[in-house]
1. Under a point spin-label approximation (7 Å from Cα along Cα-to-Cβ), what is the THR116-ASN192 distance to one decimal in nm?
2. Which entries of LYS73/LYS181; LYS60/LYS176; LYS123/LYS204; LYS18/LYS60; LYS78/LYS123; LYS10/LYS73 show an alpha-carbon separation above 24 angstrom in the structure shown?
3. Given the Cα-Cα distance of VAL105 and CYS67 and 0.36 nm per residue of separation, how much length would full extension add, in nm?
4. So who's got an amide H within less than 5 Å of the one on GLN200, skipping anything under 5 residues away but keeping other chains? H placed 1.01 Å off N, in plane.
5. To the nearest 20 debye, what is the magnitude of the charge dipole of the range 12-58 about its Cα centre, counting +1 on the Cβ of each Lys and Arg and -1 on the Cβ of each Asp and Glu?
6. Please state the relative contact order of the chain as a whole percent: Cα pairs under 8 Å, 6+ residues apart?
7. May I ask you to sort SER188, SER80 by Cβ crowding, counting other Cβ atoms within 10 Å and putting the fewest first?
8. Restricting the count to DSSP beta bridges whose residues both fall in the chain, what percent are antiparallel, rounded to a multiple of 5?
Amino acid sequence: MTKIHVFVVKVNCAYIEKHFDELVERLYPERKSRVLAFRRREPAYASIVAGLLLQELAEKMLGIAPCDLVLDKNENGKPSIQGYPEFYFNLSHAGDYVVLAYGDVPLGVDIEQIRTQNLYVAKRCYTEAEYAYVTDGGQISDISGGSPATKTGTDMMPLNQPADVNDRFFYLWTMKESYLKLTGEGISVPLNSFEIDPFQRAVKGTQYRYYMRRMEDYWISVCAEENCEIEYEYGKDHHANA
C-alpha cells in the first residue's frame, strides 16, 4: 500500500513578523522572490511557512540544499522539483494552516476553512447532483447509486456526512480543488466539468479517490489513487520550523 505523508502546520504570525527578514533570507530563491513581491507582510506569512516546509523536505528526502532548490512547472503551473519528476508533492494553505503532502504517486491536497458561503457559487460551480447534495444532503441513490463508503481508518473521515450547507459546500470544494491540483489543470478546467461522489469519495469515471480529514473548522482533502495510506503529522503553533 502506498503511503502519503501530510504535514499540517499552524502559522505563528507573531513569530514570523518578529523574524520576517531572517526567515525570508532562508528561503530558496524562487520562493524568496515570491514573498518579496507581496505588497504587505501579512499575506506572505503562509507562503514563508510553505517555502520552509518544502525546502526542508527536499533537503531531508533528496539531499538538495535550499540554495539549490529549483522547481519546474508544467504548462498549467503545477510545480515539481527539478530533476525529481516522480517525487510528488503538493501545498495548500487556508486561514491559520499550511498543508504539505508528498508521496510516490501523483496527488493533490487542499485545505479550506468552513465559513458561510453564498449558494450562487455552488449553483455555478457544481453539477446538478453536487448542488443537490450541498443544499439538502442529496440522496445516496441520486449521486452514488449505492451505499455510503464503509471503510474507516486514518485515511478516511468518520461515516457521518457533513451536517449543514456550509460544511457540505467546503467538503466538496476541497475535493474539487485537490483533484485539479493532482491533474495540474487548475483553473483551466471548470469545476462542474467533472463530478464527485461525496459518499464514495471518488471522482466519477476515474481511479482517483479522496482521503478526507476534518480538523477544527477546516476540511483537508488528499486526492490520489486507490489503496493509499495517509499519515498525518501536526505542528501546533508552529513557528515556520525556525
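1. 2.5 nm
2. LYS60/LYS176; LYS18/LYS60; LYS78/LYS123; LYS10/LYS73
3. On the way: separation 38, 0.36 × 38 = 13.68 nm, distance 2.63 nm.
Gain on extension, VAL105 to CYS67, equals 11.1 nm.
4. Residues meeting the amide H criterion: ALA149.
5. With Lys and Arg at +1 and Asp and Glu at -1, about 180 debye.
6. Relative contact order here is 28 percent.
7. Final ranking by Cβ density, sparse to dense: SER188, SER80.
8. On the way: 34 of 42 bridges.
Of the beta bridges lying entirely in the chain, close to 80 percent run antiparallel.
Values quoted throughout were computed directly from the atomic coordinates according to the rules given, and no laboratory measurement underlies them. Predicted, not measured: the structure shown is a model, and the values here were computed from it. Note that each Cβ is placed from the backbone with ideal geometry, even for glycine, and that neighbours are counted across all protein chains shown.
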